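Here the structure comes first, spelled out in structure tokens, and everything after it is commentary.
The values are calculated or read from the model by the stated rules, or taken from the named source; none is laboratory data. All of these numbers come straight from a predicted model, not from anything done at the bench. No Cβ is skipped: glycine too gets one built from the backbone with ideal geometry, and neighbour counts run over all protein chains shown.
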Amino acid sequence: MAVLEVTADRPSAGSRAADPIPAPRPYRAPRWPRVLAVLALLLLVTYLAVPMLAGLWFSFWVPGEGLTLTALTDALSSPAVMGSLGLSLGLSAASVVILLVILVPTVVLLHVSAQRFRPLVEVICMLPLVVPAIALVAGVMAVLRAGVDAGDTARAISQFLQDPSFPLVLLGCYVVVLLPFTFRIIDNALATIPVTQLLDSARGLGAPFPLAVLLVVAPNIRASLWYCAFFGLSAGLAEFTFSITLGFHTLSVELMTLSGSNFRTSIAVSLLVTLLSWALMILVLQASTRIAASRKASA
């Protein structure tokens, strides 16, 4: 009599090979680099914010009187402080305009048709970073002194350059100091756009080179131009070496003089100017980010 043996199904070697391979675990980056980055950011914010908050507290909080705006009202009512502020703003704005008018067409030509002159132009523009400011102002003083001793015409030119109402010699110093930063910002901005195609299209429609640069190239780098403008204004308001050495009462020199008699007012004005500069920089960065996002979306 035959006996039927029932056995359970067992997977064969081929069926084992066909089993699904388990999915690998997702890679999780270690958390310590992120923690270190947050700690570094907090340290930087603390390093910058604590002195400024302490200065604001000292300027606007008087023991026994509480919160007061006396320091600010004293600055606004002081003809010397407001006059020096106007002089610094005027010199800074004029230096920014001169730099943009000179550098934008020059750097455009370097990108389009004058590449062989790039090393020479870069050396000239970067030279103020190598020479200290005190050495520059010493050379300026030597030239002015030689002009006074050279004759009536040279003396008249030297006096004209040193007119206290608007010292052109100080304007030239600002232009020289801001030259490396402005050149690098404009050069990097032009490297991100098709300058040659834009100029060819504009000139093909009959626009001369200056008009093509003004109406076609400049709008494509306007965020960088605004950054140059606000950077120049901030640097001009904070400049001290040229002003004090040449004997002109700009804002920084006037605040140093004021600190001997009204320290609260000098600290208040300094901090407010710094905060205003930072606010303008933040606005420029946000505007540039929006412009870059809109370009990316349109592309």
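List the helices (runs of 4 or more DSSP H) inside the stretch 191-251, counting only whole elements, that have at least 2 residues being without any contact (Cβ under 8 Å) to a residue 60 or more places away in the chain.
Of the helices (runs of 4 or more DSSP H) lying wholly inside the stretch 191-251, those with at least 2 residues that are without any contact (Cβ under 8 Å) to a residue 60 or more places away in the chain span 195-204, 209-212, 222-238.
Of everything in the stretch 146-165 that's assigned to a helix (DSSP H, G or I) and more than 34 Å from the chain's Cα centre (by Cα), which residue is surrounded by the fewest Cβ atoms within 10 Å (Cβ to Cβ)?
D152
Give all pairs with beta carbons closer than 7 Å in which a residue from the stretch 101-129 that is without any contact (Cβ under 8 Å) to a residue 12 or more places away in the chain and surrounded by 17 or more Cβ atoms within 10 Å (Cβ to Cβ) meets a residue that is among the small types (G, A, S) and in a helix (DSSP H, G or I); count only pairs at least 6 apart in sequence or on separate chains.
Pairs that qualify, where the first residue is without any contact (Cβ under 8 Å) to a residue 12 or more places away in the chain and surrounded by 17 or more Cβ atoms within 10 Å (Cβ to Cβ) and the partner is among the small types (G, A, S) and in a helix (DSSP H, G or I): there are none.
Please go through the stretch 214-244 and pick out each residue that is among the β-branched types (V, I, T) and crowded, with 20+ Cβ neighbours inside 10 Å.
Residues satisfying the conditions are V217, I221.
Scan the stretch 264-293 and report the pairs whose first residue is farther than 22 Å from I193 by Cβ and whose second residue is outside any helix (DSSP H, G or I) and at pLDDT below 80, with Cβ atoms within less than 6 Å and a gap of 6+ or a chain change.
The qualifying pairs are S266/S259.
Taking the options L199, L190, name whichever one is in contact with a His (Cβ under 7 Å, 6 or more places away or on another chain) and either over 30 Å from R290 (Cα atoms) or surrounded by 12 or more Cβ atoms within 10 Å (Cβ to Cβ) (or both).
Being in contact with a His (Cβ under 7 Å, 6 or more places away or on another chain) and either over 30 Å from R290 (Cα atoms) or surrounded by 12 or more Cβ atoms within 10 Å (Cβ to Cβ) (or both) holds for just one of L199, L190, which is L190.
Test G66 against the stated conditions and say whether it is under 30 Å from L251 (Cβ atoms), modelled with pLDDT under 80 and exposed (fewer than 10 other Cβ atoms within 10 Å of the Cβ).
Yes, satisfied.
Working only within the stretch 31-45, note down all residues that are farther than 19 Å from S277 by Cα and modelled with pLDDT of 85 or more.
Across the stretch 31-45, the qualifying residues are L36, A37, V38, L39, A40, L41, L42, L43.
Within the stretch 70-82, does at least one residue satisfy the condition of being out of contact with any Pro (no Cβ under 9 Å at 6 or more places or on another chain) and not in a helix (DSSP H, G or I)?
Scanning the stretch 70-82, I find at least one residue that is out of contact with any Pro (no Cβ under 9 Å at 6 or more places or on another chain) and not in a helix (DSSP H, G or I), so the answer is yes.
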